[in-house]
Amino acid sequence: MNRPKRPLAEHRRQFDLLTDEVLWLWKALPPRQRLMLGTVHALCAVVAASLGYFGAIALGLQQGYWAAITAISVSQSSYAEVRNSTRDQFLGAMIGSLIGMAVATLGHDQFSTYVLAVMIGMVLCAAFNLGAAGRISGTTTTIIMLVPHQGAFWQFALFRLGEVMLGAIAALLTTVLFNRLERRLFGEPPAA
């Protein structure tokens with residue numbers, strides 16, 4: 001078997017082809033079905049965001065909007081996709097929080113420490129094959145280091161991690177509920 005000379009380039013090419021195929025399949029759906037799927041997905045995301053937001057408020061977290069944002073960002077059409085996205089959110093938020101707190105002790109007023117923290121988190125996620133978590137790590141570090149807040153960095157980071165978990169759990173629960181409702185209303189999808 002001939003191995004490609006540039007395995008990374010070949011992998012990226014194959015991934016791009018697969019992504020194009022999935023987009024083509026989506027565009028091939030009749031407009032009415034796309035509208036139905038989009039409506040159900042939007043409703044699921046809004047319910048998850050509401051659960052996350054009000055859950056955070058009920059727990060006394062002052063920035064429940066982070067839970068709502070997380071719920072929307074992890075919302076997908078299937079439980080498996082949401083579960084994977086939730087894992088990436090949690091790991092990315094944890095890595096970004098820890099690195100943001102650690103690097104902030106070097107001097108959170110310097111932009112260079114912020115750049116260092118984002119780079120470390122994203123590189124660590126890539127090294128441990130957590131690519132999607134890398135973006136979340138960078139986002140979390142940005143929130144912790146650049147968004148003005150009162151109190152200690154550790155407290156802000158811990159609250160952020162809690163809000164991410166609330167939003168992710170809300171998305172998981174909502175997706176399970178919507179999938180069960182969909183099966184009940186429309187029956188099981190035909191086996192492939």
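Just one of the numbered conditions (1) under 19 Å from V176 (Cα atoms); (2) not in a helix (DSSP H, G or I) is not true of A48: (2). So, A157, is that one modelled with pLDDT under 90 and within 14 Å of the chain's Cα centre (by Cα) or not? Criteria not met by A157. Hey, any hits in region 105-122 for a residue that's in contact with a helix residue (DSSP H, G or I) (Cβ under 6 Å, 6 or more places away or on another chain), touching a residue at least 40 places away in the same chain (Cβ under 8 Å), in a helix (DSSP H, G or I) and surrounded by fewer than 23 Cβ atoms within 10 Å (Cβ to Cβ)? Looking for residues that are in contact with a helix residue (DSSP H, G or I) (Cβ under 6 Å, 6 or more places away or on another chain), touching a residue at least 40 places away in the same chain (Cβ under 8 Å), in a helix (DSSP H, G or I) and surrounded by fewer than 23 Cβ atoms within 10 Å (Cβ to Cβ), one finds none in region 105-122, hence no.
Within region 128-177, the set of residues being over 24 Å from Q76 (Cβ atoms) and without any contact (Cβ under 8 Å) to a residue 12 or more places away in the chain comprises V147, P148, H149, Q150, G151, A152, Q155.
Applying the set (1) free of Cβ contacts under 8 Å to residues at least 12 places away in the same chain; (2) in a loop (DSSP other than H, G, I, E, B) to R13 leaves exactly one unmet item: (2). Scanning region 52-100 for residues that are of a type in the set (A, V, I, L, M, F, W, C) and at pLDDT below 85 gives a single hit, A80.
Examine region 88-101 for a residue that is without any contact (Cβ under 8 Å) to a residue 24 or more places away in the chain and surrounded by fewer than 22 Cβ atoms within 10 Å (Cβ to Cβ), and state whether such a residue exists. No, region 88-101 contains no residue that is without any contact (Cβ under 8 Å) to a residue 24 or more places away in the chain and surrounded by fewer than 22 Cβ atoms within 10 Å (Cβ to Cβ).
Looking at L130, L172, which one is crowded, with 18+ Cβ neighbours inside 10 Å, more than 22 Å from A56 (Cβ to Cβ) and within 13 Å of the chain's Cα centre (by Cα)? After ruling out the rest, the residue left standing is L130.
Residues that are surrounded by 12 or more Cβ atoms within 10 Å (Cβ to Cβ), over 14 Å from T175 (Cα atoms) and not charged (D, E, K, R) within region 1-52 comprise L29, M36, listed in sequence order.
The values are calculated or read from the model by the stated rules, or taken from the named source; none is laboratory data. Owing to the predicted nature of the structure, the values given are computational and were not obtained by experimental measurement. Using ideal geometry, Cβ is built from the backbone for each residue, glycine included, and neighbour counts are taken over all protein chains shown.
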